[in-house]
Amino acid sequence: MMRQSWFRSATHVDLHPPAPAPRIRTLPAQPQELGLDLRRAAVVVIDMQNDFCHPEGWLSSIGVDVSGPRAAIEPCLALTESARAAGVSVVWLNWGNRPDLANLPANVIHVYDPDGSGGGIGDPVGRSEAVLTAGSWGAAVVDELTVADEDIQVAKYRMSGFFDTELDSVLRLRGVDTLFFAGVNADQCVLSTLSDAACLGYNTVLVEGAATTSSPAFCLEATVYNVRQCFGFTAAWQDVVAMLEESDV
């Protein structure tokens, strides 16, 4: 990680201090093998929250099978632990809505409460006292995953984590240009954020197995196809972890 900084004294400011040497790695990926610099990479974990992944969270309480989202927990744990050990930034990008929903347009509210009967964002459902609301149990990352002190946490308010958030600024100020995407749902918030990242000029890699979904299987198949075809690359989570764990020697 190369955090933007200036070397300063009373008489001089160096706008371009010497950059550390790149840490080049090779990663098996589709549709092509990748060469990348770990100093310019970050792992972005999306929506691994109780409301999506816990058996007593919002999705499960409204009858959705959460075995798909829960399948991402173990790969995300390995991925984040390996990233930290390698000095690669870990970003937790989660729904964290205002209790008053003041910045949510009607179309977003509709997605989570389509008939207007309640049980959507901000409502009490199951164990969640306020679905996907900042500070609530439902919005917290599942207990099986650890958010470390050095990790970055960004709240989002749309399917894409780049809209109306500080995510882009945080990444650019850290010199990041390559993003590994994990979390849920792969075909919804993960894909929306990844496609926006690609449009903004980031190098994007969907980490297969660490990006899962509660949607039907064909949705994940289409997501993998479209990432490879239109937005970037895909790589197996085991291969990403192995790359992160390679020695610099």
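The values are calculated or read from the model by the stated rules, or taken from the named source; none is laboratory data. These figures come from a predicted structure and were not determined experimentally. FYI the Cβ positions are ideal-geometry reconstructions off the backbone, even for glycines, and counts take in every protein chain you see. For the accessible areas, the whole protein counts, side chains as well, though only heavy atoms, and no ligand, DNA or RNA atoms are used. Shrake-Rupley method; radii C 1.70, N 1.55, O 1.52, S 1.80 Å.
Of note:
- Selected residue (criterion: nearest to residue 151 (Cα to Cα)) from residues of segment 2-12 that are open to solvent by 70 Å² or more (accessible area, probe 1.4 Å) and under 24 Å from the mean Cα position of the chain (by Cα): 3
- Set 59, 36, 15: member being under 16 Å from residue 240 (Cβ atoms) and either of a type outside the set (Lys, Arg) or within 22 Å of the chain's Cα centre (by Cα) (or both): 36
- Residue check, residue 164 of a type in the set (D, E, K, R), over 14 Å from residue 48 (Cα atoms), touching a Gly at 6+ places or on another chain (Cβ under 9 Å) and open to solvent by 30 Å² or more (accessible area, probe 1.4 Å): no
- Test for residue 123: is it over 18 Å from residue 183 (Cβ atoms) and of a type outside the set (A, V, I, L, M, F, W, C): yes
- Where strands (runs of 3 or more DSSP E) fall entirely within segment 1-114, those with at least 1 residues that are among the hydroxyl-bearing types (Ser, Thr, Tyr) are at 24-27, 89-95.
- The number of residues in segment 167-191 being touching a residue at least 40 places away in the same chain (Cβ under 8 Å), aliphatic (A, V, I, L, M), part of a helix (DSSP H, G or I) and open to solvent by less than 10 Å² (accessible area, probe 1.4 Å) comes to 3.
- Qualifying positions in segment 192-213 - crowded, with 22+ Cβ neighbours inside 10 Å, in contact with a Phe, Trp or Tyr (Cβ under 6 Å, 6 or more places away or on another chain) and outside any strand (DSSP E or B): 194
- Residue 98 open to solvent by 10 Å² or more (accessible area, probe 1.4 Å), at pLDDT 95 or above, farther than 24 Å from residue 223 by Cβ and not hydrophobic (A, V, I, L, M, F, W, C): yes
- The listed residues are 62, 109, and the only one of them that is under 20 Å from residue 129 (Cβ atoms) and either modelled with pLDDT under 95 or in contact with a strand residue (DSSP E or B) (Cβ under 7 Å, 6 or more places away or on another chain) (or both) turns out to be 62.
- Residue 98 vs. criteria more than 26 Å from residue 43 (Cβ to Cβ) and either of a type in the set (D, E, K, R) or within 14 Å of the chain's Cα centre (by Cα) (or both): yes
- Restricted to segment 110-133, and to residues there that are open to solvent by less than 60 Å² (accessible area, probe 1.4 Å) and touching a Gly at 6+ places or on another chain (Cβ under 9 Å), the residue that is nearest to residue 47 (Cα to Cα) is 132.
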